[in-house]
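The structure appears below as structure tokens.
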Amino acid sequence: MIRVRFAPSPTGYLHIGGARTALFNWLYARAKAGKFILRIEDTDTARSKKEYLDEILESLTWLGLKWDEIYYQSQRFNIYKEYAQRLLKNGLAYSEKTPGKGEAIIYKVTAQKIKVRDLIRGEIEFDATLLKDQVLIKSDGSPTYNFACVVDDATLNITHVIRGDDHLSNTPKQILLYQALGFPVPEFAHLPLILGMQGGRLSKRTGATAISDYRKMGYLPEAIINYLLLLSWSPGDNREIIDINEAIKLFDIKDINKTAATFDFKKLGWINSQYLKSKDSEKLTDLLVPLLIEKNYIPKDNFDRNYILSLVKLFQGRMTTLLDFLNWADFFFLDQPQIDPEAKDKFLSRDFSKEFKLFIERLMVLKDFNLQTIEQTFRQLVKELGIEARILIHPIRVALTGKTIGPGLFEVIYYLGKERTKERLTRWIKNESTI
RNA sequence: GUCCCCAUCGUCUAGUCCGGUCUAGGACAAGAGCUUUUCAAGCUCUCGACAGGGGUUCAAAUCCCCUUGGGGACACCA
């Protein structure tokens with residue numbers, strides 16, 4: 001039985017890099033019908049925070065990376081001590097007193113060549129003479145990372161250690177400990193790191209944003225998963241949009257690239273827009289409704305879901321993130337549209353009183369107020385006025401929506417309704433007495 | 001500084017293992033156009049890479065070596 005693990009430390013949020021490590025572990029477990037284990041590396045009690053732990057668990061769940069088992073290192077201190085004692089008795093480790101503190105247990109490194117077999121990179125040889133003796137248990141009684149990691153991976157029967165490249169140089173140290181403890185050495189696979197856009201490690205500035213922040217920015221979990229998948233792996237047939245279940249079938253750990261990849265926000269956005277476009281409109285509405293409530297655009301309950309669904313369909317094809325809907329469709333929910341000053345200067349600096357008035361009059365008498373009749377009315381009017389449609393379309397759009405961008409004008413009018421259309425256009429008519 | 005990893009368009013990649021089918025394919029981005037009622041979307045096209053140098057070979061993006069460049073690790077942090 002294949003057993004893999006993701007071992008985050010709750011000293012920070014789950015970011016893109018961590019999420020990808022988790023994803024590949026999860027993917028490998030699913031592809032091999034194995035178990036995906038979550039191990040919380042909270043040995044650093046001073047820096048570990050519950051807030052971070054909650055975010056990590058929440059984000060993994062949101063991404064759909066469900067774990068089969070979970071362990072906390074803070075609850076396993078006695079296990080580490082026990083194994084350290086064993087090495088002490090064997091004479092493979094020694095203890096050292098630190099003045100004012102307790103006793104540390106230190107592993108004695110002996111000169112030898114250490115071969116690391118990596119599933120992605122092949123065989124790598126390290127020289128142990130370059131390594132210092134390794135502290136196993138610190139003088140405060142807590143285990144060091146490398147020791148706790150080995151004891152846990154061994155006792156939890158982890159068969160494959162899939163982790164970031166930055167751990168490659170920890171691997172020889174850990175292999176030494178596996179051997180000293182008499183544990184079988186697991187398989188290793190070191191994933192290439194994700195680099196920031198300016199090169200170098202991912203940082204806050206360069207995309208190491210918490211997964212929870214991507215959620216807040218309106219990204220879909222399936223889009224993030226898809227993007228992460230493409231970063232150092234490819235289905236090989238030029239496909240960019242790939243379903244996770246399809247990926248499980250095609251995935252082979254040997255196909256993971258060795259090259260570090262640069263995080264590209266634009267491509268993530270493109271993938272997100274693709275998922276948004278193909279998403280079921282009903283489901284998209286379900287995602288948007290809570291955001292509309294949060295924005296106070298609609299009441300908590302007692303709103304017309306079908307109406308919102310219609311609006312969602314209007315914008316679905318042009319959105320990059322969920323937030324786009326909130327920004328672009330705001331005029332449907334606000335009493336008055338927020339008029340963009342530039343749009344006003346460009347299209348409403350001229351007086352359209354006469355045109356607006358005529359248009360309103362004709363709209364109001366329509367028995368059948370639908371897309372076709374609205375358009376017919378409009379086309380007829382501009383024909384009679386002898387002007388191009390565009391001359392009037394843009395000013396009306398700005399008056400109704402406050403923006404120069406958006407869905408087709410006749411859809412806007414239809415979903416705004418007669419009354420609101422009239423009211424918003426009337427505001428731009430100079431001599432009200434004639435209405 | 002020492003050790004380790006890596007190297008195809010600006011970015012993500014296919015091709016590299018098993019040299020010839022590669023005048024190197026796709027996607028994002030960028031640019032142009034079509035469509036059009038704006039913005040998107042969509043469609044069409046353009047720009048654009050085997051880091052450099054040596055080998056090996058009839059033949060190298062593919063194999064070997066060096067250089068250069070990038071990244072990582074060198075804690076009683078994880």
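The values are calculated or read from the model by the stated rules, or taken from the named source; none is laboratory data. All of these numbers come straight from a predicted model, not from anything done at the bench. Methodologically, a virtual Cβ is constructed for each residue, glycine included, from the backbone with ideal geometry; neighbour enumeration extends over all protein chains shown.
A few comments on the model shown:
A quick yes/no check of all residues on (1) within 15 Å of RNA strand B (Cβ to nearest atom); (2) of a type in the set (D, E, K, R); (3) modelled with pLDDT of 95 or more; (4) touching a strand residue (DSSP E or B) at 6+ places or on another chain (Cβ under 7 Å):
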| site | (1), (2), (3), (4) |
| --- | --- |
| A:Q316 | yes, no, yes, no |
| A:M319 | yes, no, yes, no |
| A:A329 | yes, no, yes, no |
| A:Q336 | no, no, no, no |
| A:A343 | yes, no, no, no |
| A:K346 | yes, yes, no, no |
| A:D351 | no, yes, no, no |
| A:F359 | yes, no, yes, no |
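- Check on A:L181, within 12 Å of RNA strand B (Cβ to nearest atom) and touching a residue at least 24 places away in the same chain (Cβ under 8 Å): no
- Inside the range A:105-132, residues that are more than 37 Å from the chain's Cα centre (by Cα) and near RNA strand B (Cβ under 8 Å from one of its atoms) make up a count of 5.
- Among the residues making up the range A:157-169, those that are touching a strand residue (DSSP E or B) at 6+ places or on another chain (Cβ under 6 Å), in contact (Cβ under 8 Å) with a residue 60 or more places away in the chain and either among the charged types (D, E, K, R) or at negative phi (or both) are A:I158, A:T159, A:H160, A:V161, A:I162, A:G164, A:D165.
- For the range A:377-412, a residue qualifies if it is surrounded by 13 or more Cβ atoms within 10 Å (Cβ to Cβ) and part of a loop (DSSP other than H, G, I, E, B), and the qualifying residues are A:G402, A:K403, A:T404, A:G406, A:P407, A:G408.
- Candidate set: the range A:259-268, residues that are in a helix (DSSP H, G or I) and either more than 7 Å from RNA strand B (Cβ to nearest atom) or among the hydroxyl-bearing types (S, T, Y) (or both); chosen: the one surrounded by the most Cβ atoms within 10 Å (Cβ to Cβ): A:L268
- A:I339 being free of Cβ contacts under 8 Å to residues at least 60 places away in the same chain, out of contact with any Ser or Thr (no Cβ under 7 Å at 6 or more places or on another chain) and of a type in the set (V, I, T): no
- Residue selected from the range A:229-258 under the condition outside any helix (DSSP H, G or I) and of a type in the set (S, T, N, Q), by the criterion surrounded by the most Cβ atoms within 10 Å (Cβ to Cβ): A:S232
- Within the range A:73-95, residues that are closer than 26 Å to A:I37 by Cβ reach partners that are surrounded by fewer than 16 Cβ atoms within 10 Å (Cβ to Cβ) and of a type in the set (S, T, N, Q) with beta carbons closer than 7 Å, at six or more positions or on different chains, in the pairs A:S74/A:T45; A:I79/A:T155.
- Residues of the range A:133-160 that turn out to be over 33 Å from the mean Cα position of the chain (by Cα) and in a loop (DSSP other than H, G, I, E, B), as a count: 6
- Identity of the residue in the range A:148-160, under 16 Å from A:Y72 (Cβ atoms) and touching a Phe, Trp or Tyr at 6+ places or on another chain (Cβ under 8 Å), that ends up farthest from RNA strand B (Cβ to nearest atom): A:L156
- Checking A:D165 against (1) more than 17 Å from A:D127 (Cα to Cα); (2) modelled with pLDDT of 95 or more; (3) within 15 Å of RNA strand B (Cβ to nearest atom), the condition it does not meet: (2)
- A:E246 passes every criterion in (1) away from RNA strand B (no atom under 13 Å from the Cβ); (2) touching a helix residue (DSSP H, G or I) at 6+ places or on another chain (Cβ under 8 Å); (3) within 30 Å of A:G196 (Cβ to Cβ) apart from (2).
- Condition check for A:G408: small (G, A, S), more than 22 Å from A:R318 (Cβ to Cβ) and without any contact (Cβ under 8 Å) to a residue 60 or more places away in the chain: no
- Just one of the listed residues (A:L323, A:L284, A:L291) is crowded, with 18+ Cβ neighbours inside 10 Å and in a helix (DSSP H, G or I), and it is A:L284.
- Selection count where residues are of a type in the set (S, T, Y) and either part of a loop (DSSP other than H, G, I, E, B) or more than 11 Å from RNA strand B (Cβ to nearest atom) (or both), scope the range A:269-281: 2
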